[in-house]
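Here's the structure, in structure tokens; my notes come after.
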There are 2 protein chains.
Amino acid sequence: MQADCFDNALQKLRKRGFKLTPQRRAVLRLFCSDDARHLTAQQAHDAIREREPSIGLVTVYRSLELFTSVEILHRVKFNDGFDRYERHPGAAGHHHHLVCAGCGQVVEFGDCLIRSMEQKLEKTSGFCIEGHWLELIGRCPECRGRAKEDN
Amino acid sequence: MQADCFDNALQKLRKRGFKLTPQRRAVLRLFCSDDARHLTAQQAHDAIREREPSIGLVTVYRSLELFTSVEILHRVKFNDGFDRYERHPGAAGHHHHLVCAGCGQVVEFGDCLIRSMEQKLEKTSGFCIEGHWLELIGRCPECRGRAKEDN
DNA sequence: TGATAATTGAAAGTGGTTTTCATTTGCTAT
DNA sequence: ATAGCAAATGAAAACCACTTTCAATTATCA
């Protein structure tokens, strides 16, 4: 749990006139904890209910939407149909995701090689490129080991 | 309409024991036409109904699913929530999509720069990378012009 | 401390896609 | 040709992640 993360977010909400409810604090607390990464709304709801059993899934959805709109969180549309949320990376934190096809764990990586591809493409297509979306799918070391055993 | 495309697909279905119904022929005919690219199920249904008014949307979905499973078509999960289908690119035809944020038109491009990124990442992460998914979002020349006029 | 507008939770709604089920239809063996 | 049968179709209902509605609650401020 990073205290700055939590306090900065609270201040951001207060400054914009949003109410600081226990439910919103609970969602913030979760995403400011060190191990909360790439959570789906359902996963976040499950985690929060351990401390706050009465919180509704709908409220989690609404909090995630609100926090995304004020750039406290960042919404990532994964190809499995579940949106995921992570702390907003800020100006310098652009990255992509490597997802394990076996266990679903997610590893982040930078986008060092995409910019040059975009520049080439802008010349050949005439498009002005505004953003990109990259996801790699693979198998983590543990799941590769397990696959070998199964054979 | 490319005759080989159509005939090859029919033969593939027959070989695997699937029935050659008028509905399946109609879906194949559409996707073997030269201008059919990146169609959603709804778009395909609309197009097919002009010649085959009685075909149901459900049957189109089922045909697209079947053709994807036997690698006649390729399903692309776009971030706008609509799956799109295109002719299966075969061994050498791997590519990605550049989507115009204004009009939605789609341009394909090769993936020349991704392999080297993947190799680097396999070393640092220990993952065995099995696939990737890349979509660029931009604005085509026409939509850029229109945006200027509006200002 | 009370007024009030925002927030919450439960239930209902959305929209793309899939499943169910009764009917129809290609295909194969006669 | 044609009967028999499994596979395919169409319509309606179900699915499922997510969003909206609405009445009840609550954080904030005068």
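A short reminder: the numbers here are calculations on the coordinates, not readings from a lab. Just so it is clear, the model here is predicted, and its values are computed rather than measured. Here Cβ is always computed from backbone atoms with ideal geometry, including for glycine, and neighbour counts include all displayed protein chains.
At-a-glance table
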| quantity | calculated |
| --- | --- |
| Candidate set from the range A:61-81 (those that are of a type in the set (A, V, I, L, M, F, W, C) and more than 14 Å from every other protein chain (Cβ to nearest Cβ)); member that is nearest to DNA strand D (Cβ to nearest atom) | A:LEU64 |
| A:HIS38 within 15 Å of DNA strand D (Cβ to nearest atom), at positive phi and buried (at least 16 other Cβ atoms within 10 Å of the Cβ) | yes |
| Tabulated pairs, the range B:105-131, first closer than 21 Å to A:ILE129 by Cα, second small (Gly, Ala, Ser), C-beta under 8 angstrom, 6+ apart or interchain | B:VAL107/A:SER125; B:PHE109/A:SER125; B:LEU113/A:SER116 |
| Unmet criterion (only one of (1) of a type in the set (Ser, Thr, Tyr); (2) within 11 Å of DNA strand C (Cβ to nearest atom); (3) surrounded by fewer than 17 Cβ atoms within 10 Å (Cβ to Cβ)) for B:SER116 | (2) |
| Selection count, the range A:82-102, where residues are buried (at least 19 other Cβ atoms within 10 Å of the Cβ), within 14 Å of another protein chain (Cβ to nearest Cβ) and within 13 Å of DNA strand D (Cβ to nearest atom) | 1 |
| Some residue of the range A:13-21 being among the aromatic types (Phe, Trp, Tyr) and within 28 Å of B:GLU135 (Cβ to Cβ) | no |
| In the range A:103-129, the residues that are within 10 Å of another protein chain (Cβ to nearest Cβ) and part of a loop (DSSP other than H, G, I, E, B) | A:GLN105, A:GLY110, A:ASP111, A:CYS112, A:LEU113, A:GLY126, A:PHE127 |
| Filter result (over 15 Å from B:ARG84 (Cα atoms) and within 12 Å of DNA strand D (Cβ to nearest atom)) within the range B:14-27 | B:ARG14, B:ARG16, B:GLY17, B:PHE18, B:LYS19, B:LEU20, B:THR21, B:PRO22, B:GLN23, B:ARG24, B:ARG25, B:ALA26 |
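Here's the yes/no breakdown for (1) more than 14 Å from every other protein chain (Cβ to nearest Cβ); (2) more than 19 Å from B:ARG84 (Cα to Cα); (3) free of Cβ contacts under 8 Å to residues at least 24 places away in the same chain; (4) within 12 Å of DNA strand D (Cβ to nearest atom):
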position	(1), (2), (3), (4)
B:GLN2	yes, yes, no, no
B:GLN11	yes, yes, yes, no
B:ALA47	yes, no, yes, no
B:THR59	yes, no, no, yes
